[in-house]
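Asks: Provided herewith is a single structure, encoded as structure tokens, for subsequent inquiry.
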Amino acid sequence: MRRWNGMKLRLGVAALAAVALGVGVTPHAQAAGTRYLDEVFTDLKVTSDLQYGQAVGASGAMENLLLDVIEPKGDKAPIRAAVVWVHGGYFVEGSKTVPWYKTAREQFARAGYVTFSINYRLDPNLPYGASEAVTQNRVDELVAATVNAQHDAQAAIRWVRANAAKYRVDPEKIAIAGHSAGGITAQMVAFNDHDPGSSGNPGYSSRVAAAVSSAGGSLPGRMVRIDTGEPPLLVSHGLADDVVPYPATVPTCALTVAMTNVCEQVLDPDQKHPQFRFDLWREFLYRRMIQKPVLSLPTSVTIVGAESLATPPSPPSLPLP
């Protein structure tokens, strides 16, 4: 059956400002489209294993924190937006080079972003998942691991700002994005710039211009402190997710809108835990960070891939006379 992607529910009290999406691609682009909105580059340049910080890991030993830089090859733009990408893995495992996340980090770079894909401190002794942490009475350990990831990702944000001239990055247009544990980390970085940690690069701001959280969640008061003036957040979540259930992200999204911030959602009733719809991630960043609207809705919900909703109900069967 053909997938149905057209259902959009727009919520709010303000009128959505018109956003001009017809900006032509810059001369150095290699394909037709709009930079940051479309994947306009074909070739990438990757610089691997640059140290962005250092912190004490779960074993008690000092860990060097490393990142990869993924840039559009041949890009001559004098200044560029950036995305810091955070991998998933329950805060137990994973790395910036896991093939599962190769497409996620590269699609940002093909759209023209300078992408910084990071490793962060993990705790291999943690149970796999929040429900297991609850049943084993180890929630505090899990929260500590999320805070370590937050502090490391914030150090990466500061490293990008410290090296903005070298990579031709606009320090006012740095976003964070991640999936699963990385999506949780993205939310924590977005809301907790008051708690920057000490993983490296002091003296620079940890604040991001926008955040994309794929299949992640957080708890207000326990994991995030939401104030007014927070950066816009996109939640991309499958309603059938059995690893990070969708309700885990509802309180944060609801509270951030209540505090007059922006939280948009891309939901798929048929999706479980995988990543989906990178094009809508880019569209969000384009509207909220690249082409900032003068006036816009504080929230929206876009439902995609809803095969079950697209199928009309069968008429009731009637007994034969």
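Asks: Could you tell me whether any residue of segment 103-114 is within 22 Å of Gly203 (Cα to Cα), open to solvent by less than 40 Å² (accessible area, probe 1.4 Å), under 14 Å from the mean Cα position of the chain (by Cα) and not acidic (Asp, Glu)?
Replies: No: zero hits.
Asks: Does segment 229-241 contain any residue that is open to solvent by 60 Å² or more (accessible area, probe 1.4 Å), closer than 29 Å to Pro127 by Cα and not aliphatic (A, V, I, L, M)?
Replies: no
Asks: Among the residues in segment 260-272, are any over 24 Å from His87 (Cα atoms) and buried (at least 17 other Cβ atoms within 10 Å of the Cβ)?
Replies: Yes: one or more hits.
Asks: Pairs please, first residue from segment 93-117 and closer than 16 Å to Ala181 by Cβ and charged (D, E, K, R), second anywhere and open to solvent by 10 Å² or more (accessible area, probe 1.4 Å) and in a loop (DSSP other than H, G, I, E, B), Cβ atoms under 6 Å, 6+ apart in sequence or on different chains.
Replies: Lys96/Asn119
Asks: Name the strands (runs of 3 or more DSSP E) wholly inside segment 208-306 in which the number of residues that are at pLDDT 95 or above and out of contact with any His (no Cβ under 9 Å at 6 or more places or on another chain) is 2 or more.
Replies: Qualifying strands (runs of 3 or more DSSP E): 210-214, 233-238, 263-268.
Asks: Right, here's the next one. Those residues that are open to solvent by 10 Å² or more (accessible area, probe 1.4 Å), outside any helix (DSSP H, G or I) and closer than 17 Å to Tyr113 by Cα, I need them from segment 126-180; list them, please.
Replies: Asn163, Arg168, Asp170, Pro171, Glu172, Lys173, listed by residue number.
Asks: From Asp68, Asp75, Asp123, which residue is in contact (Cβ under 8 Å) with a residue 12 or more places away in the chain, in contact with a Lys or Arg (Cβ under 7 Å, 6 or more places away or on another chain) and open to solvent by less than 40 Å² (accessible area, probe 1.4 Å)?
Replies: Asp68
Asks: Tell me which residues, restricted to segment 209-228, are under 14 Å from the mean Cα position of the chain (by Cα) and open to solvent by less than 10 Å² (accessible area, probe 1.4 Å).
Replies: Answer for segment 209-228, where residues must be under 14 Å from the mean Cα position of the chain (by Cα) and open to solvent by less than 10 Å² (accessible area, probe 1.4 Å): Ala210, Ala211, Val212, Ser213, Ser214, Ala215, Gly216, Gly217, Ser218.
Asks: On to the next question. Return only the number of the condition from (1) open to solvent by 10 Å² or more (accessible area, probe 1.4 Å); (2) outside any helix (DSSP H, G or I); (3) under 29 Å from Thr103 (Cβ atoms) that Asp195 does not satisfy.
Replies: Unmet condition: (3).
The values are calculated or read from the model by the stated rules, or taken from the named source; none is laboratory data. Not measured: the values here are computed from a predicted model. With ideal geometry, Cβ positions are generated from the backbone for all residues, glycine too; neighbour counts draw on all protein chains shown. When the accessible area is computed, the model is the full protein with side chains, heavy atoms only, and any ligands, DNA or RNA have been set aside. Shrake-Rupley method; radii C 1.70, N 1.55, O 1.52, S 1.80 Å.
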